[in-house]
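First up is the structure itself, then whatever we jot down about it.
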Amino acid sequence: MDEDKKADDLNSSSYGWWGKILKVDLSSESITEIDTLPYADRFLGGRGIAPRLYWEYVPAAAGAFDPENHLIFMTGPLTATGAQGASRFEVVGKSPMLMPEGFCYGNMGGFWGPGLKRAGFDGLMVCGKARRPVYLFISDGKAKLQDADIIHLEGVKQVGTYLKQKHGKNTHFITTGPAGMNLCRNANLMTDNEGSATGGFGAVLGSKNLKAIAVKGTQSPRISDPEELKQLNRLTIKLNQREASFNPFPEDQISHAGKASCFQCGLDCIMRSTFKTRSNREVVRKCQAMFVYFSWVMGRPGEPAETALDATGLCNNLSLCTMEMNNIIQWISAGYKAGYLSDSKTGLEIDKLGTWEFFEGLCNMIAYRQGFGDVLAEGLLRAGETLGMEAKNLFANEVAGVGDGATYSAREYLMNGLLYAFEPRQPIAMLHEISRIIGYWVMNLQYPGSTPVSADVYRAAAARFWGHEKAWDLNSHEGKAMAATRIIDRTYAKDSLLLCDSCWPLMFSNHTKDKKGDTTMEARIFNAVTGKNLDEKALLKYGETIFNQQRAILLREGWDPKTDDTVAEFNFTDPVQTVFMNPEVLVPGEGDIVLSRKGQTLDREVFKKMRDEFYQLRGWNPETGCPTAKKLYELGLSDLDSVFHDPGGKQHFRNK
């Protein structure tokens with residue numbers, strides 16, 4: 001789609017949008033507005049608009065804690081319309097967790113994104129640094145900075161209680177706990193309903209002396225065809241219906257009490273649940289976060305399972321990244337076993353590992369930068385640089401800049417090598433597109449009929465969604481570059497519409513005759529809300545555009561395709577032993593044959609072939625990994641050409 005055609009497809013209609021993005025400069029305490037619609041015309045929504053704003057407003061040389069860094073929060077055209085699974089929002093900024101610091105992104109659920117939209121704004125940009133602790137209150141078209149002295153160093157729960165008491169129970173918020181205010185590089189942003197975003201963005205919020213952003217609204221964006229959206233919502237709920245009562249805890253101690261739905265969402269969600277303890281407490285826990293201390297608690301005789309549940313709550317209240325905390329505990333355990341660490345060196349008591357006392361002490365030590373915790377508050381990667389090679393040699397493969405660096409790696413699922421290779425952080429939403437359907441196939445093997453995913457359904461879905469008849473074959477590199485392009489483009493479009501990774505894309509269903517999903521639903525819902533007439537191909541083209549915009553950002557900040565378009569070394573050297581939802585690393589073979597990739601590594605030549613094909617499919621120069629001028633023009637991104645080429649046409653990159 002060329003630039004003129006794209007503008008025709010997304011003209012200046014206000015359906016789904018208010019047309020206003022708030023821009024708050026904390027240094028000058030000025031609050032202004034930016035027009036959303038020119039950005040929506042070109043970049044669709046959240047994951048597209050936010051990086052473009054970053055490109056325009058964040059200097060390449062700015063540090064993560066510099067006032068010039070921006071935190072950019074964006075909703076999408078479906079937010080607060082009632083579209084199912086559309087309650088998320090995107091956050092973008094320069095991450096202090098990456099090493100070196102650089103562009104990063106996060107995606108959060110709950111109620112805050114719809115709350116911002118209902119308050120009359122499509123997005124929010126925050127820069128500068130306040131002279132005193134403040135929070136931002138946004139309500140029905142107005143925004144005001146307010147004093148935050150009383151909650152400045154409080155935990156997330158206490159902040160939420162304060163804001164709801166002051167502004168009403170329908171107030172929703174983003175905040176960070178003590179870890180963020182103390183500039184711990186792994187500090188999360190947190191929302192109500194246990195939403196979180198890693199990347200160290202909590203520390204960026206703290207560096208700006210901004211404790212929280214509270215929203216409260218009563219408005220709803222216009223919808224072009226409410227009746228069509230209602231019918232599509234019913235269909236989405238039906239297609240998504242599935243068993244969602246996942247409970248990893250011992251049933252006699254902790255029971256699954258039901259869903260913990262986000263704003264206006266009726267979908268069956270396995271990622272966010274309410275659990276009830278033996279003492280009758282009900283808490284919301286989600287996804288990876290509930291496993292931060294799980295294995296150590298379950299492995300300690302006599303320790304109640306509630307300790308594992310509460311460990312997640314402590315991390316959330318302090319705003320510590322649970323992926324990083326899990327890696328820290330693994331490293332501490334390995335360090336003690338190797339004789340590198342000791343109680344006197346760490347200030348911990350290793351014989352209490354698995355207890356509440358150990359975990360609480362470690363978390364507080366990091367969040368408040370006490371003793372050895374001050375080193376760990378810089379993040380494991382930087383702690384390794386401080387402590388030296390002996391410390392770094394004890395890192396597990398999972399240790400990465402942002403996210404878990406080994407989960408769903410290229411060793412088990414080949415195309416994932418390309419997904420990791422081009423992203424500044426773990427691309428978890430992309431990885432889920434492969435791991436989820438394989439996980440459901442494995443469940444169907446173990447318990448026939450328990451899921452709709454037979455080998456035949458998997459192969460058909462792979463061909464339909466990943467664009468190649470051999471994309472399903474995880475023992476061959478054939479079709480994997482095409483699969484990666486489709487997964488990337490769909491994820492970027494999905495994250496721009498702000499559709500939830502828990503339910504989208506609909507690759508399979510118990511409620512279709514052939515058990516196969518529907519690739520067109522996202523476009524149909526978008527059209528019902530906005531009145532446009534885009535198809536699946538057009539949405540994927542938006543995804544490609546946004547991916548190339550992010551590529552320009554990374555290159556401007558020092559990314560070198562020759563050295564950075566790759567995966568971590570362990571993929572080539574350390575055989576895979578197990579994977580979440582698939583402990584035996586099973587993959588489908590021909591017909592009903594079941595194969596295993598257990599013990600496999602990624603072949604370097606296979607990866608190179610996939611990467612070269614990926615460059616070609618992208619319309620990039622295969623020698624440099626840069627988009628050609630022709631491709632940039634096709635995507636309406638000719639203004640980025642100077643990043644990839646100097647006036648003489650030679651590729652250039654900034655030094656890291």
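The values are calculated or read from the model by the stated rules, or taken from the named source; none is laboratory data. From a predicted model like this one, the values you see are computed outputs, not experimental measurements. Every residue, glycine among them, receives a Cβ derived from its backbone with ideal geometry; neighbour counts consider all protein chains shown. These accessible areas exclude ligands, DNA and RNA; they are computed on the full protein's heavy atoms, side chains included. Shrake-Rupley method; radii C 1.70, N 1.55, O 1.52, S 1.80 Å.
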Q) Do we have any residue at all in region 93-104 that's open to solvent by 10 Å² or more (accessible area, probe 1.4 Å) and either in contact with a Leu (Cβ under 7 Å, 6 or more places away or on another chain) or under 28 Å from Gly531 (Cβ atoms) (or both)? A) yes
Q: Considering each of Ala64, Ala60 in turn, give the residue that is surrounded by fewer than 22 Cβ atoms within 10 Å (Cβ to Cβ), among the aliphatic types (A, V, I, L, M) and more than 30 Å from Leu229 (Cβ to Cβ).
A: Ala60
Q: State the number of residues belonging to region 275-323 that are under 17 Å from Gly160 (Cβ atoms) and of a type in the set (Ser, Thr, Tyr).
A: 2
Q | Residue list for region 261-288, filter: closer than 24 Å to Pro505 by Cα and either aromatic (Phe, Trp, Tyr) or surrounded by 21 or more Cβ atoms within 10 Å (Cβ to Cβ) (or both) | A | Cys262, Phe263, Cys265, Leu267, Cys269, Arg272, Ser273, Arg285, Lys286
Q) Considering only residues of region 525-552 that are of a type in the set (Gly, Ala, Ser) and open to solvent by less than 30 Å² (accessible area, probe 1.4 Å), which is nearest to the chain's Cα centre (by Cα)? A) Gly543
Q | Filter result (open to solvent by 40 Å² or more (accessible area, probe 1.4 Å) and either without any contact (Cβ under 8 Å) to a residue 24 or more places away in the chain or in contact with an Asp or Glu (Cβ under 9 Å, 6 or more places away or on another chain) (or both)) within region 376-392 | A | Glu378, Glu385, Thr386, Leu387, Met389, Lys392
Q. Quick one: which of Phe422, Phe395 is open to solvent by less than 30 Å² (accessible area, probe 1.4 Å), more than 19 Å from Pro583 (Cα to Cα) and touching a residue at least 40 places away in the same chain (Cβ under 8 Å)?
A. Phe422
**Q.** Enumeration of residues in region 114-172 that are open to solvent by 10 Å² or more (accessible area, probe 1.4 Å), farther than 30 Å from Leu44 by Cβ and in a helix (DSSP H, G or I)
**A.** Asp149, Ile150, Val156, Lys157, Gln158, Thr161, Tyr162, Lys164, Gln165, Lys166, His167
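So in region 463-503, with the set limited to residues that are in a loop (DSSP other than H, G, I, E, B) and among the small types (Gly, Ala, Ser), which one is surrounded by the most Cβ atoms within 10 Å (Cβ to Cβ)?
Out of the qualifying residues, it is Ala471.
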Q. Helices (runs of 4 or more DSSP H) wholly in region 539-656 with at least 2 residues that are touching a helix residue (DSSP H, G or I) at 6+ places or on another chain (Cβ under 6 Å) and over 30 Å from Val442 (Cβ atoms) - which ones?
A. 629-634, 641-644
Q | helices (runs of 4 or more DSSP H) contained entirely in region 336-388, each with at least 2 residues that are at pLDDT 95 or above and within 19 Å of Met323 (Cα to Cα) | A | 356-367, 372-376, 380-387
**Q.** Per-region count, region 70-104, residues out of contact with any Lys or Arg (no Cβ under 7 Å at 6 or more places or on another chain) and not in a loop (DSSP other than H, G, I, E, B)
**A.** 10
Q.
Which count do you get for residues in region 433-450 that are out of contact with any Phe, Trp or Tyr (no Cβ under 8 Å at 6 or more places or on another chain), open to solvent by 10 Å² or more (accessible area, probe 1.4 Å) and not in a loop (DSSP other than H, G, I, E, B)?
A. 5
Q | Residues that are surrounded by 15 or more Cβ atoms within 10 Å (Cβ to Cβ) and of a type in the set (Asp, Glu), drawn from region 504-524 | A | Asp518, Glu522
**Q.** Residue that is touching a residue at least 12 places away in the same chain (Cβ under 8 Å), assigned to a loop (DSSP other than H, G, I, E, B) and over 23 Å from Phe607 (Cβ atoms), where the choices are Val457, Val453
**A.** Val453
Q) Within region 120-132, can you find the residues that are under 28 Å from the mean Cα position of the chain (by Cα) and within 18 Å of Val159 (Cα to Cα)? A) none
Q | Of all residues in region 18-56 being part of a loop (DSSP other than H, G, I, E, B) and either over 20 Å from Ser87 (Cα atoms) or of a type in the set (Lys, Arg) (or both), the one that is nearest to the chain's Cα centre (by Cα) | A | Leu26
**Q.** Residues satisfying the stated conditions in region 555-568, i.e. open to solvent by 10 Å² or more (accessible area, probe 1.4 Å) and not aromatic (Phe, Trp, Tyr)
**A.** Arg556, Glu557, Asp560, Lys562, Thr563, Asp564, Thr566, Val567, Ala568
Q | From Gly63, Gly115, Gly19, residue being in contact with a Leu (Cβ under 9 Å, 6 or more places away or on another chain) and among the small types (Gly, Ala, Ser) | A | Gly19
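Per-residue answers, yes or no, for (1) in contact with a strand residue (DSSP E or B) (Cβ under 7 Å, 6 or more places away or on another chain); (2) of a type in the set (A, V, I, L, M); (3) within 21 Å of Thr32 (Cβ to Cβ):
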residue	(1), (2), (3)
Phe73	yes, no, yes
Leu78	no, yes, no
Gly82	no, no, no
Arg88	yes, no, no
Ser95	yes, no, no
Pro100	no, no, no
Met108	yes, yes, no
Q) Identify, please: which residue in region 253-280 is outside any strand (DSSP E or B) and without any contact (Cβ under 8 Å) to a residue 24 or more places away in the chain and is, among those, nearest to Cys500 (Cα to Cα)? A) Ser261
